[in-house]
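Read through the structure below, which is laid out as structure tokens, and then see the notes.
The values are calculated or read from the model by the stated rules, or taken from the named source; none is laboratory data. The structure displayed is predicted, hence computed values, not measured ones. Cβ atoms come from the backbone with ideal geometry, glycine included; neighbour counts cover every protein chain shown. Surface areas here come from the heavy atoms of the whole protein model, side chains and all, with no ligands, DNA or RNA. Shrake-Rupley method; radii C 1.70, N 1.55, O 1.52, S 1.80 Å.
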Amino acid sequence: MSGHVIDAFFTVTDEKEGLRIGYAVQGSRIARWDWTGKRMYDVDAVPLAQRWPQLPEAFREGIDAALTTQADNPWSWVFRGPQCLMLNPLDGSVAQVSTIAARFPGLPAAFAQGIDAALPAPGAGAGAGVNEVYFFSGSQCVRYDLRVPAPVEVKTITEVWTGLAAKAPEFAHGLGAATVDPGTGRCYLFRGGDYTEGTLADTTIRENAAAVGNAAWPGLLPAFTRGHVIVSGGRPVALDLETGVSEEMPTGVLAGWPVTSPDGRYLYLTYNDQFSCYDMATAQVRWHTTRVTDGRRAVFSRDGGRMYFVSKSTRKLAIVDPAGPDLVAAIDLRDYDLTNDGEAGVLGDEAPATRSTQLDEAQEDGQPLWEFLPGWQDAPPVALSPDGAMAYVGFHFRREADDIYRILEVDLQQRKVLQTFHLPDAGAPLDVAIDAGGRIAHVAQERGTCAIDLNTGAIAWQDVLPPCRAMKLTPDGGELWCLPAADRGGVLVAAPDSHTVLRRIPVGPGSGLGTGDGLEFNHFGTYAFVLMRGHVAVVDVTARRTTAIHYVSLPWAGEYRFAYTTY
């Protein structure tokens with residue numbers, strides 16, 4: 001490690017999308033920053049080799065510095081030791097692999113051996129009459145003309161950057177990284193765990209050095225940490241994936257079943273009618289309420305602006321604004337395959353003989369359904385379509401003497417059930433995963449597994465996989481990972497287009513298969529986490545092997561759930 005929290009940071013403008021994207025590098029990993037929204041595009045950093053597979057091997061291990069000029073955008077110069085190359089970060093293309101000495105003749109010897117940071121010079125661009133850049137190495141700064149090519153001047157950093165000695169004196173000894181926001185012209189210098197800010201046009205530093213934290217750079221540092229797994233059966237316990245140490249969360253964090261927001265910052269806990277939100281970045285309770293209907297197994301819209309779950313009390317699909325929190329809508333869940341002259345089953349907790357339901361005139365008359373069956377202690381599974389327009393809800397009820405198993409397709413804009421899909425007679429749906437194309441729903445039931453074609457309603461595959469208690473697609477949709485319901489089943493990796501088992505991964509202590517109770521991925525899908533009684537296994541997804549097993553000190557011996565957060 002270089003000792004800097006950021007090793008390289010360069011920014012390109014995506015003209016097609018109208019975006020200004022910063023690329024922050026730490027070690028061998030990369031995460032993208034949104035200059036317009038002042039937030040991370042990527043919650044988790046991804047390996048350089050995964051983001052840009054065409055990079056030569058040496059560059060996959062890390063980047064010392066990078067630079068984008070207006071004239072070459074989005075092509076960027078990337079430096080690693082005495083080597084350099086041109087990279088188009090938008091499509092991963094690589095060109096002009098060379099050495100610094102050959103490509104930038106005339107640089108002092110120290111610069112030819114390695115560059116710490118780089119910036120375009122003020123006005124550098126195709127039509128500005130200049131095409132100059134700044135290179136930094138140690139305490140020195142070179143202004144270099146790319147046209148000649150040759151150095152224009154060699155000075156100390158403090159001689160070039162007015163105000164640096166007063167605002168950030170430690171930066172005079174060298175930089176870890178530097179970048180500029182092309183939309184505002186503000187430049188940012190990084191050293192160790194600090195940064196300072198100035199304006200590129202007059203090379204003036206205007207802000208005192210400050211820590212690279214969540215106030216100014218929300219999500220930047222968490223993107224490069226291993227993060228935490230939050231395990232809850234009573235009071236939540238946080239497992240630090242960096243150290244392997246677990247400890248109870250502060251007393252202000254109430255007991256409950258955990259789920260985290262898409263950016264990993266907020267931890268939501270539900271327990272009966274208690275609903276609370278904890279800010280992992282500030283270690284403060286954001287809100288606590290009993291106003292919003294209770295629910296577990298919430299799923300989020302991609303931007304985190306909405307959460308969806310089936311309320312335990314109302315048995316409706318609740319749409320919640322988590323900022324308030326406010327109940328936006330509660331959608332009745334009906335099985336329209338139980339139609340009889342306009343009648344439809346409605347998810348409820350009373351038998352038809354004891355209650356009749358009066359529906360709005362705009363809806364069909366319906367018949368309330370029986371309660372959830374014992375064994376479905378958790379809430380029904382809810383999954384969203386890739387575009388976020390539809391929700392798919394696992395549906396289980398008893399009608400007279402028959403158990404009925406369905407997947408309901410709910411239009412979230414019209415806020416009604418559009419259609420239902422029949423499931424095999426294999427028990428309550430325990431988990432649902434929708435493929436990246438929105439075509440196939442993978443379903444784990446109590447006594448079997450299946451895949452449903454959402455275009456035709458046909459069962460595409462059935463019982464190719466054994467019964468599973470959890471079933472999730474990797475974030476890229478390339479693999480289907482499952483936890484067999486049978487003891488000592490490990491983790492099954494299956495092909496999503498056939499359910500064919502590709503690999504069984506041992507996750508138990510002592511290289512045993514292990515019995516998993518819960519499965520989660522980090523946001524980029526580089527790691528999977530498997531919850532077992534008293535342990536959490538960390539699995540390298542690419543290598544398909546367990547890299548660590550952490551003991552979790554749990555204060556309560558009951559049914560556990562867990563969630564992953566970068567914070």
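Criterion first (among the hydrophobic types (A, V, I, L, M, F, W, C), farther than 16 Å from VAL541 by Cβ and surrounded by fewer than 19 Cβ atoms within 10 Å (Cβ to Cβ)) does ALA486 satisfy it? The answer is yes for ALA486.
Among the residues of region 244-261, those identified as under 21 Å from the mean Cα position of the chain (by Cα) and of a type in the set (Val, Ile, Thr) are VAL259, THR260.
Just one of the listed residues (SER313, SER232) is touching a residue at least 24 places away in the same chain (Cβ under 8 Å) and in contact with a Pro (Cβ under 6 Å, 6 or more places away or on another chain), and it is SER232. Identify the residue in region 81-120 that is among the charged types (D, E, K, R) and open to solvent by 60 Å² or more (accessible area, probe 1.4 Å) and, among all such residues, is farthest from the chain's Cα centre (by Cα). For region 81-120, the residue satisfying everything is ARG103.
May I ask you to list pairs of residues, at least six apart or on different chains, whose Cβ atoms are under 8 Å apart, with the first in region 265-282 being on the phi < 0 side of the Ramachandran plot and the second being aliphatic (A, V, I, L, M) and open to solvent by 50 Å² or more (accessible area, probe 1.4 Å)? The qualifying pairs are LEU269/LEU254; TYR271/LEU254; GLN274/LEU254; SER276/LEU254; SER276/VAL285; CYS277/VAL285; TYR278/VAL285; ASP279/VAL285. Which one is nearest to VAL432 (Cα to Cα) among residues in region 513-541 that are open to solvent by 30 Å² or more (accessible area, probe 1.4 Å) and part of a loop (DSSP other than H, G, I, E, B)? The qualifying residue nearest to VAL432 (Cα to Cα) is ASP517.
Would you pick out the residues in region 266-289 that are outside any strand (DSSP E or B) and open to solvent by 50 Å² or more (accessible area, probe 1.4 Å)? Of everything in region 266-289, those that are outside any strand (DSSP E or B) and open to solvent by 50 Å² or more (accessible area, probe 1.4 Å) turn out to be ASN272, ASP273, THR282, ALA283. Checking each residue in region 463-506 for being assigned to a loop (DSSP other than H, G, I, E, B) and more than 26 Å from TYR560 (Cβ to Cβ) picks out ASP463, VAL464, ASP476, GLY477, GLY478, ALA495, PRO496, ASP497, SER498, HIS499, THR500. Summed over region 271-289, residues that are at pLDDT below 85 and of a type in the set (Asp, Glu) total 1.
Inclusion of GLY252 among residues that are surrounded by 15 or more Cβ atoms within 10 Å (Cβ to Cβ) and of a type in the set (Gly, Ala, Ser) is not warranted. The set of residues in region 259-275 being under 22 Å from PRO218 (Cα atoms) and touching a Phe, Trp or Tyr at 6+ places or on another chain (Cβ under 8 Å) consists of VAL259, THR260, SER261, PRO262, GLY264, ARG265, TYR266, LEU267, TYR268. Residues of region 26-50 being among the hydrophobic types (A, V, I, L, M, F, W, C), outside any strand (DSSP E or B) and touching an Asp or Glu at 6+ places or on another chain (Cβ under 7 Å), which ones? Within region 26-50, TRP35, VAL43 meet the criteria. Exactly one residue out of LEU87, LEU119 is aliphatic (A, V, I, L, M), over 26 Å from GLY198 (Cα atoms) and modelled with pLDDT of 90 or more, and it is LEU87. Do we have ALA31 as among the small types (Gly, Ala, Ser) and within 17 Å of the chain's Cα centre (by Cα) here? It is true that ALA31 is among the small types (Gly, Ala, Ser) and within 17 Å of the chain's Cα centre (by Cα).
Checking the structure you have, find out if any residue of region 51-58 is in a helix (DSSP H, G or I), open to solvent by 40 Å² or more (accessible area, probe 1.4 Å) and under 27 Å from ASP263 (Cβ atoms). Checked against the condition, which is being in a helix (DSSP H, G or I), open to solvent by 40 Å² or more (accessible area, probe 1.4 Å) and under 27 Å from ASP263 (Cβ atoms), region 51-58 yields at least one hit. All of (1) touching a residue at least 60 places away in the same chain (Cβ under 8 Å); (2) of a type in the set (S, T, N, Q); (3) touching a strand residue (DSSP E or B) at 6+ places or on another chain (Cβ under 7 Å) hold for THR515 with one exception: (1).
Step by step: first the residues of region 542-561, then only those that are open to solvent by 40 Å² or more (accessible area, probe 1.4 Å), touching a residue at least 12 places away in the same chain (Cβ under 8 Å) and among the hydrophobic types (A, V, I, L, M, F, W, C), then the one that is farthest from GLY490 (Cα to Cα). Which residue is that? The qualifying residue farthest from GLY490 (Cα to Cα) is TRP556. Looking only at residues of region 290-310 that are over 24 Å from the mean Cα position of the chain (by Cα) and buried (at least 19 other Cβ atoms within 10 Å of the Cβ), we find that the one that is modelled with the highest pLDDT is VAL292.
Filtering region 73-93 for residues that are of a type in the set (S, T, N, Q) and touching a Lys or Arg at 6+ places or on another chain (Cβ under 6 Å) leaves an empty set.
When region 368-387 is filtered for residues that are of a type in the set (Gly, Ala, Ser) and modelled with pLDDT of 95 or more, the ones remaining, listed by number, are ALA383, SER385. For region 421-444, filtering for residues that are within 30 Å of the chain's Cα centre (by Cα) and assigned to a strand (DSSP E or B) leaves 12.
Looking only at residues in region 146-191 that are open to solvent by 70 Å² or more (accessible area, probe 1.4 Å) and hydrophobic (A, V, I, L, M, F, W, C), the one that is modelled with the lowest pLDDT is VAL148. Applying the condition of being open to solvent by less than 50 Å² (accessible area, probe 1.4 Å) and touching a residue at least 24 places away in the same chain (Cβ under 8 Å) to region 468-478 and asking which residue is nearest to the chain's Cα centre (by Cα) yields THR474. Reported count of residues in region 387-412, each being of a type outside the set (D, E, K, R), open to solvent by 20 Å² or more (accessible area, probe 1.4 Å) and assigned to a strand (DSSP E or B), is 2.
Which of the strands (runs of 3 or more DSSP E) contained wholly in region 174-257 include at least 2 residues that are β-branched (Val, Ile, Thr)? In region 174-257, the matching strands (runs of 3 or more DSSP E) lie at 177-180, 194-199, 228-232.
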